[in-house]
């Protein structure tokens, strides 16, 4: 009598995120007085950016002297995971700054010629408690499924996992002229080439479709860095030794902002001790 042997084949399905066909163009330019401004435009697809992990390298010895050199960050991207990583339990959205160390988790604490811009939006689908739990595991690497924050089971926790935690999240603007503006400091030549590329360790730019967005990297921007002003001039907000329409525009951007009333406002950057 012949015995029939039945083979049971069990399929284990692991969610894998491929590269999105949606494309974003990063628009970086010299915005004057030694500052670089970075914006973006979605050029194809239906998603919009949820998170940014951008690595910036400056030539000719130029530096970003300290976190206080963050002149502006759009309030629609108030999540700074690398800042939260330092003290997850006390983090609140909009607190800290979006500058991070390259090659490792954690915020930038001093001047550097190479740094990462690390920021994300704050969808209604997640809470501050979610961000705190997520930041505690930020960039950790463990064999799946050991880490509860490794949503795509690839053995690391990055911005792809953040987007999956958020379920894609709310739609962000399809274009933005000024996502972030940074003040650069001269290394002796009066100019620098700022090279911008994806920070692959953090996942790069992730869209609301929970997938990496195609983009136009790497790219370089020539930034002229004028000599510092040696005078104290009331109203000279950009430190170029003159009061002009640029200073007025900077003031108008923060018109009626009250940091005592709302200290979590992203434009309220604490003074360095």
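Summary of computed values
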quantity	calculated
Meets criteria (touching a strand residue (DSSP E or B) at 6+ places or on another chain (Cβ under 8 Å) and either within 19 Å of residue 105 (Cα to Cα) or touching a residue at least 12 places away in the same chain (Cβ under 8 Å) (or both)) for residue 202	yes
Index of the failed condition, residue 146 passing every other in (1) out of contact with any strand residue (DSSP E or B) (no Cβ under 7 Å at 6 or more places or on another chain); (2) crowded, with 19+ Cβ neighbours inside 10 Å; (3) assigned to a loop (DSSP other than H, G, I, E, B)	(2)
Some residue of region 36-51 being modelled with pLDDT of 95 or more, closer than 17 Å to residue 202 by Cα and part of a loop (DSSP other than H, G, I, E, B)	no
Residue in region 173-182 that is buried (at least 19 other Cβ atoms within 10 Å of the Cβ), in a loop (DSSP other than H, G, I, E, B) and assigned by TED's automatic domain parsing to the domain that holds residue 75 present	no
Subset of region 240-273 [over 22 Å from residue 179 (Cβ atoms) and either in contact (Cβ under 8 Å) with a residue 60 or more places away in the chain or within 25 Å of the chain's Cα centre (by Cα) (or both)]	240, 258, 263, 271, 272, 273
Residue match in region 205-218 (condition: assigned by TED's automatic domain parsing to the domain that holds residue 101, at pLDDT below 95, in a strand (DSSP E or B) and over 24 Å from residue 76 (Cα atoms))	no
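The values are calculated or read from the model by the stated rules, or taken from the named source; none is laboratory data. What you see is a predicted model, and the numbers here were worked out from it, not measured in a lab. Here the Cβ is made from the backbone with ideal geometry for all residues, glycine too, and neighbour counts use every protein chain on show.
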